[in-house]
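Input: a single structure, listed below in structure tokens.
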Amino acid sequence: MLPENATAEQVAQYRKDNGIPEKPEAYLDALTPEVKSALDDTAKEILNPYLAKLQELNVPPTVAAQLISLRQAEVDRWAEQRIVKDTEMRQATEDALRGDWGNNYRAEINNINGMLSGAPQEVRDMLFSARLPDGTALLAGADTLRWLAQLARTVNPYSVPVGGDGGSLDQKGVDQRIAELDVWMGAPKGSENYKRYYDNPTVQKEYRDLIDARENMKRRTAA
């Protein structure tokens, strides 16, 4: 054991006798190849103050290697859990939005991506990598994507997704689609076209969205 208030020479001799490295980063040499390969530059930077403390406490390399390996195992476990939770979150969000948007799901997502593509690359990278305090990805929640879809329509009112193919319409296409749905609405009760509109809540919502889009564009043009 080192005596209390040991001199620098005594500490150096003690470390030499017990295989304690002269430099803190040398603790990494005692790690297994698997653990070494798992440590990227960022992980090593995070470990630096821990390695310095291990040396200060004269922890043997074998013990230090076990502690570092345990830490890395926990990091890997958390990462795996995060992947599982991300997958579950994405699936739950998609299920919820497909229930809301039906066949227009893909078009709504494309509209959101189209809007975000107008942001600087650094901003897009931050948005797509950002996470909430609980670890959930910022853009993974259904409520977030609903709001972004609404915002995308405000930015570009004629990016309204319609039709079974989930496509989008320009100004001319919006007017044509409204005219088509007007025909369905005015069809004789019980007819095929009548049922296409009045028996289909998705089509009814589409009509309302188209009307809103046309009015938004008129206001924008007037401004």
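Observations on the model:
- Pairs, first aromatic (Phe, Trp, Tyr) in the stretch 87-112, second in a helix (DSSP H, G or I), C-beta under 7 Å, six or more apart: 101/108; 105/97; 105/98
- Verdict on residue 66 being modelled with pLDDT under 95 and of a type outside the set (Gly, Ala, Ser): no
- Set 79, 92, 38: member being out of contact with any Asp or Glu (no Cβ under 6 Å at 6 or more places or on another chain) and at pLDDT 95 or above: 92
- Restricting 151, 145 to residues that are under 16 Å from the mean Cα position of the chain (by Cα) and either assigned to a helix (DSSP H, G or I) or at pLDDT 85 or above (or both) narrows the list to 145.
- Among the residues of the stretch 1-52, those identified as among the aromatic types (Phe, Trp, Tyr) and within 18 Å of residue 70 (Cβ to Cβ) are 27, 50.
- Scope the stretch 164-201; condition modelled with pLDDT under 80 and either in a strand (DSSP E or B) or surrounded by fewer than 16 Cβ atoms within 10 Å (Cβ to Cβ) (or both); matching residues: 164, 165, 167, 168, 170, 171, 172
The values are calculated or read from the model by the stated rules, or taken from the named source; none is laboratory data. Predicted model only: the values in this text are computed from it and were never measured. Don't worry about glycine lacking a Cβ; one is built from the backbone with ideal geometry, like all the others, and counts go over all protein chains shown.
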